[in-house]
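Working notes, beginning with the structure itself.
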Amino acid sequence: GCILDGKLYPFGEVARTENCFTCSCSREAMRCCSLFHRPIKYDKENCKVIFNKEECDYDVVQKSDPSKECFVYSRV
């Protein structure tokens, strides 16, 4: 298998790691891609970014009231 962040994963496809990546584990290497997209264009003055590990995505919420979401114009 392959070791990533101290955890052993079996050879083959890994649908989701603990840190929100999808990976391919082979005898030669472990290749991974993130399952999330980082917000880059949003109201940075009034909003903040919080990583939601359960959803493997970033939530963009109002600084004054984190229960309210902010509109995100672009993610990478």
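You will find that of Tyr58, Tyr42, the residue that is in contact with a His (Cβ under 9 Å, 6 or more places away or on another chain) and either surrounded by 12 or more Cβ atoms within 10 Å (Cβ to Cβ) or not assigned by the TED database to the domain that holds Thr17 (or both) is Tyr58 and no other.
Name the single residue, out of those in the stretch 1-25 being among the small types (Gly, Ala, Ser) and modelled with pLDDT of 95 or more, that is surrounded by the fewest Cβ atoms within 10 Å (Cβ to Cβ).
So the first thing to find is which residues in the stretch 1-25 are among the small types (Gly, Ala, Ser), and the list is 1, 6, 12, 15, 24.
Right, trim to modelled with pLDDT of 95 or more and you get 12, 24.
Values: Gly12: 11, Ser24: 15.
Going through the qualifying residues, I end up with Gly12.
The values are calculated or read from the model by the stated rules, or taken from the named source; none is laboratory data. If you're wondering where the values come from, they're calculated on a predicted model, not measured in any experiment. Note that each Cβ is placed from the backbone with ideal geometry, even for glycine, and that neighbours are counted across all protein chains shown.
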